[in-house]
Amino acid sequence: MKKYNPTTKSRRQMTTVNYAGVLTKKGPEKSLTYGRQRQKGRNSQGRITVRHKGAGHKRRFRDVDFLYDKKEIPATIKSVEYDPNRSAFIGLSFYKDGEKRYVILPKGVLPGHTFIVSEKAELKPGNRMALKNIPVGTFVYNIELKRGGGAKIARSAGIFAQVVANAERYTNLKMPSSEVRRVSEECYASIGSVSNEEHHLENYGKAGRSRWKGIRPTVRGTAMNPVDHPYGGGEGRQGRGTKRPKTMWGKVTGGRKTRTPKKYSNIFIVSRRRTGKSRKQA
């Protein structure tokens, strides 16, 4: 991590990832980028459905490959690049047939590294293969939930899932949340853990950096009026004033299970994720 001299109050706490020793290219590949209007927390009708989003620096979207549909064709990583739309580093890959694609990079992969998508590839970071051919205990990322459906799980910086068991046409995976889930052994996954593992150690230092990233201020419920929030009102600083914690719309949040009881994926969950105090202690 990169630390700064305390020239101001905000600089004293500010930390960033030391990109100078990692990134190898400043600008993105023009043919794989495009402009797009960000939703900023609004739905198709223009109404805010996710609060605290808006503004932020203008971004170019990188066309990152999650399908990995070029099989049995080796590719070489030519650069390590920053992507403003995700926490992980991305790499520009050159396939042997001449095509260029962006991919999420695993930890430890540098320019010149080669990878391949194959049913039975070598067990090294970046290679992609079917879960049935991956040994128990291996770390994987960019995991499919349906064969050919593209990577859906474990795509953020520093994240990985672990292969726990292979049995009955399914592979048991321990997710980053500690949940153990069954996935078809025909699905593909990449070997390794996602790059930029220091991302969670960043300290923005000042409110302005959050605004650059499109994160707007959050107001405490106790600071609002009674008409605006269940916690609002009262003379001076007040407590919650309700028996259970609630959202702005009165929905109970603390201790209530929110997962749909008959959700289609319930049959694939072997062990639910740890929550509350037990998760902190584990």
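See the values below:
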| read-out | value |
| --- | --- |
| At R0 = 41 Å, FRET efficiency that the Cβ-Cβ distance of THR247 and LEU110 yields, to 0.05 | 0.35 |
| Size of charge dipole - the chain - debye, nearest 20, with Cβ of Lys, Arg +1 and Asp, Glu -1, no other charges | 1700 |
| Per-bin percent of Cα-Cα distances, segment 18-199 [5 Å] | 1, 8, 16, 18, 18, 15, 11, 8, 4, 1 |
| Per-pair calculated FRET efficiency, R0 = 35 Å: GLU29 and LYS120 via Cβ, rounded to 0.05 | 0.70 |
| Helix-only [θ]222 nm of the chain, DSSP H runs n ≥ 4, -39500 (n - 2.57) each, per residue, nearest 500 | -1500 deg cm²/dmol |
| Segment 24-97: GluC sites (Glu not before Pro) falling in loop per DSSP and having at most 10 other Cβ within 10 Å | GLU72 |
| Ratio Rg/Rh, restricted to segment 176-253 and using Cα atoms, in which Rh is the Kirkwood radius | 1.18 |
| Qualifying trypsin sites (Lys or Arg not before Pro) for segment 58-110 [loop in DSSP, other Cβ within 10 Å: at most 15] | LYS58, ARG59, ARG60, LYS71, LYS96 |
| Separation of alpha-carbon centers, segment 152-186 and segment 1-67, rounded to whole Å | 28 |
| Residue exposure sequence - SER190, SER79, SER265 - by fewest surrounding Cβ within 10 Å | SER265, SER79, SER190 |
| Karplus-derived HN-Hα couplings along segment 202-211 (A = 6.51, B = -1.76, C = 1.60, θ = phi - 60°), whole Hz, x at Gly and Pro | 5, 10, 4, x, 8, 5, x, 5, 5, 5 |
| Net +/- balance of residues flanking ARG182 in space, Cβ distance below 12 Å, scoring K and R +1, D and E -1 | 0 |
| Beta bridge orientation in segment 18-199: antiparallel %, DSSP, nearest 5 | 95 |
| Burial order of peptide ranges 137-144, 2-9, 234-241 (average beta-carbon count within 10 Å, highest first) | 137-144, 2-9, 234-241 |
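The numbers here are math on the coordinates, done by the rules we state, and not lab data. Remember, predicted model here, so these are calculated numbers, not experimental data. Using ideal geometry, Cβ is built from the backbone for each residue, glycine included, and neighbour counts are taken over all protein chains shown.
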